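Structure record follows, encoded as structure tokens.
The values are calculated or read from the model by the stated rules, or taken from the named source; none is laboratory data. Source: prediction; values computed, not measured. Positions of Cβ are backbone-derived with ideal geometry, glycine not excepted, and every protein chain shown enters the neighbour counts. Note: areas computed on protein heavy atoms with side chains; ligands, DNA, RNA excluded. Shrake-Rupley method; radii C 1.70, N 1.55, O 1.52, S 1.80 Å.
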Protein chains: 2
Amino acid sequence: MGRTLKKRIVVALGGNAILRSNERGTVEEQLRNVRETCGRLASMLTQWYQVVITHGNGPQVGNILIQNEAGKDKVPAMPLDVCGAESQGLIGYMIQRSLRDELFRLGKTRTVASVVTQVIVDDNDQAFHRPTKPVGPFYDKGYADEQMRTKGEHWVEQQGKGWRKVVPSPEPLEIVETEAILSLINSGIIVVASGGGGIPVIRKKDGGLEGVEAVIDKDLAAQRLAGDIDADILLILTDVESVMLRFGQPDQAVLRDVSAVEVRRYQEEGHFPDGSMGPKVEAALRFVESGGDAGIITSLSSAHEALKGKIGTRIME
Amino acid sequence: MGRTLKKRIVVALGGNAILRSNERGTVEEQLRNVRETCGRLASMLTQWYQVVITHGNGPQVGNILIQNEAGKDKVPAMPLDVCGAESQGLIGYMIQRSLRDELFRLGKTRTVASVVTQVIVDDNDQAFHRPTKPVGPFYDKGYADEQMRTKGEHWVEQQGKGWRKVVPSPEPLEIVETEAILSLINSGIIVVASGGGGIPVIRKKDGGLEGVEAVIDKDLAAQRLAGDIDADILLILTDVESVMLRFGQPDQAVLRDVSAVEVRRYQEEGHFPDGSMGPKVEAALRFVESGGDAGIITSLSSAHEALKGKIGTRIME
């Protein structure tokens, strides 16, 4: 299928590609941001032929959870895996429509299609014993106590903000729809997949799949996807142009072209905080360590130049 | 791609394939129904190689609308096109997981993938001047009046049940993601597409797409899809085993193998009511009249036998 002539790239969009932190999440806000994101992607992607786009879903699934809670006396609330599937439809629609339009404006007729994506996790993953990933809005202590007592949920207090539910964040083991994604990119179709880290499912004893209440880190899922489809490049987009060493200190330094071995060492020295840069660096490292050409971490506005190696952090073997 | 050896079929699931009329729509109810539906499809589909499944979304999008309304003071409500996209994610996830599992139980490893699907409609479609399709729950007159006054919406009263919003139901002109669906079925992947009749979009002057507040009839969209992918068979599943003439009268008669010309005549004589059998018969007729081998209307439990021509209503040229 011309594989040797074509570069295969997985682009992981950051949260602010769809919703900014100061926005409530109206459809107008989301469509405006997605349109801007897709405009940048469109001009960049003309050079690349096989493209899979993945994205976060935190604010969107948070809003869906609030709507489920608000309407629960009238209609049955859906569990987290189903809400995640809903958010894949919502965000996938916005991206596929906007990216098609932005490519069309550049004279390129390309189909963009979103695939509802399940990701297999291990039900023995230690994450299930130690929920860490916050989902949904903040509530008061009384509500949190009730949920913990009646549903066995885990909630944590965040100083000054209230209580928030936490769910396990297990390792992504396998993208269930890999074959579908490969078929599409081999046909020149741009795919949106594994939104929000994918819908987490476990494999039951009978071989069937079952949804679980968990959230897979979207960058680690992007790496799993990139590995499963044998991508050449994993491009992780975030708020900053480059990964920094000693971030925020007087002697902070920018990481540019750097080997995986070197970045592993920085990681072990504790340069990359858990909640923010940590999973992105880990995803890029895993990708390169398992045979990928380059794991790139940069901002959306620097992505085009970063692909040419002129800017951003590029991890290679 | 071996097209000549393989039959291509579009299966349009009826509403009760996912939710029964006496159910509220808990995830357990929906998954149980979908599992049962997929069990029947799995044993039937082993004989067919290229399969696209489409489905309604009325109850699900109704519930999402209720949740949006209930939560609107906390998070921005989404418009109907976005809610439709959410329902495609929700239902697509349930079908693709369940059908994969049911095929797996039969020893068949097949990927099932849902594609978020947009369907182009004409913004000059006369349906936009005459909204007819009810969406969401019943409300009282006061609420309906307010929506009509403040938002310019159309609402109709249904005797004894209250007021319900109605939206246009335009003709489906083109499935935007046809190329993606073709790529997938040519790779042996079972596709779930065009859920709820697809997300209705219009083509703007600049060639871009824009979502509109409308609902496309799911059977007419299934026919459009079947035509666009050059399917051999359109299988429309509903509550009854066959289409009837003079339904409910003493001399009612079952329609079995019948020509499109004959069915058009019955249609003109008024045998098929607008709200129920009408669109299904129209979809099957259009399919055969535009070159499809057979448009079959039957129940899920009779589908297997109907494909063999033993039961159900089969419209052919």
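Please report, for A:D140, the nm distances (one decimal) from its label point, 7 Å out from Cα along the beta-carbon direction, to the equivalent points in the remaining copies, shortest first.
Label point to label point, same position, other copies: 2.9 nm.
Which three extents, in angstrom, do the Cα atoms of segment A:161-261 have along their principal axes, listed largest first?
Cα spread of segment A:161-261 along its principal axes, largest to smallest: 56, 45, 26 Å.
Using a 1.4 Å probe on protein heavy atoms only, how many Å² of accessible area do A and B hide from each other, summed over both chains and rounded to 100?
In total, chains A and B hide about 4700 Å² from solvent.
Normalised by the residues of chain B, what does the relative contact order come to in percent, with Cα pairs under 8 Å and at least six apart?
For chain B, the relative contact order is 20 percent.
Taking only protein heavy atoms and a 1.4 Å probe, what accessible area per residue, in Å², does segment A:216-310 have with all protein chains in place?
Normalised by residue count, the accessible surface of segment A:216-310 is 42 Å².
To the nearest 20 debye, what charge dipole does segment B:109-236 have about its Cα centre, counting +1 at the Cβ of each Lys and Arg and -1 at the Cβ of each Asp and Glu?
Using only the charged Cβ atoms, the result is roughly 440 debye.
Can you tell me the FRET efficiency between B:L245 and A:Q159 if r is taken as the Cβ-Cβ distance and R0 is 56 Å, rounded to the nearest 0.05?
0.20
Express as a percent, rounded to the nearest 5, the fraction of DSSP beta bridges in chain A (both residues included) that run antiparallel.
So the antiparallel bridges amount to about 40 percent of the total.
Output the Kirkwood hydrodynamic radius of segment B:186-225, Cα pairs only, in Å rounded to one decimal.
11.7 Å
Express in % the proportion of alpha carbon pairs of the protein assembly as shown at distances exceeding 36 Å.
Above the 36 Å cut-off, the protein assembly as shown has 38 percent of its Cα pairs.
Restricting to segment B:77-203, what percent of DSSP beta bridges are antiparallel, rounded to 5?
Counting DSSP beta bridges with both partners in segment B:77-203, the antiparallel share is about 60 percent.
Would you please put A:252-261, B:214-223 in order of how densely packed they are, using the mean number of other Cβ atoms within 10 angstrom per residue and starting with the highest?
B:214-223, A:252-261
If each DSSP helix of 4+ residues adds -39,500 (n - 2.57) and the sum is divided by the residues in chain B, what number results at 222 nm, nearest 500 deg cm²/dmol?
Calculated mean residue ellipticity at 222 nm is -11500 deg cm²/dmol.
Give the relative contact order (percent, whole number) for segment A:148-235; include only Cα pairs under 8 Å separated by 6+ residues.
Here the relative contact order equals 28 percent.
Compute and list, largest first, the equivalent-ellipsoid semi-axes of segment B:21-148 from the alpha carbon gyration tensor, each √(5λ) rounded to a whole angstrom.
After scaling each eigenvalue by five and taking roots: 33, 19, 13 Å.
Does segment B:106-217 come out rounded, prolate or oblate by the C-alpha gyration tensor, with a ≥ b ≥ c the root eigenvalues, rounded set by a/c under 1.5 and, if not, prolate when a/b is larger than b/c and oblate if not?
It is oblate, given that a/c is not under 1.5 and a/b is not larger than b/c.
To one decimal place, what Kirkwood hydrodynamic radius in Å is obtained for segment B:231-316 from all pairs of distinct Cα atoms?
12.6 Å
Can you tell me, using C-alpha contacts under 8 Å and at least 6 residues apart, the relative contact order of segment A:200-317 as a whole percent?
31 percent
Once the cut-off is 15 Å, how many percent of the Cα-Cα pairs in segment A:128-178 end up in the long-distance tail?
Summing the P(r) tail past 15 Å for segment A:128-178 gives 51 percent.
Hey, any idea what % of segment A:28-99's accessible area is carbon plus sulfur with a 1.4 Å probe?
Solvent-exposed carbon and sulfur of segment A:28-99 make up 51 percent of the total.
What number, in nm² with one decimal, is the all-direction average of the projected area of the convex hull of the alpha-carbon atoms of segment B:152-214?
Over every viewing direction, the Cα hull of segment B:152-214 projects on average to 6.8 nm².
Enter the per residue convex hull volume of chain B, computed from alpha-carbon coordinates, in Å³ rounded to the nearest integer.
153 Å³
Between helix B:277-289 and chain B, what is the angle of the helix's C-alpha long axis to the longest principal axis, kept within 0 to 90° and rounded to the nearest 10?
Between helix and principal axis, roughly 50 degrees.
For peptide A:184-194, compute the average count of partner chain beta-carbon atoms within 10 Å of each residue's beta-carbon.
Averaged over the peptide's residues, the number is 3.
For peptide A:20-26, compute the average count of partner chain beta-carbon atoms within 10 Å of each residue's beta-carbon.
Going residue by residue through A:20-26 and averaging, the value is 2.
Could you check how much of the accessible area of segment A:132-245 is carbon and sulfur, as a whole percent, using a 1.4 Å probe?
Accessible surface attributable to carbon and sulfur in segment A:132-245 totals 46 percent.
Along the axis that rotates chain B into chain A, which residue of chain B has the nearest beta-carbon, and what is the gap in whole Å?
Residue nearest the B-to-A axis, with distance in whole Å: B:G89, 1.
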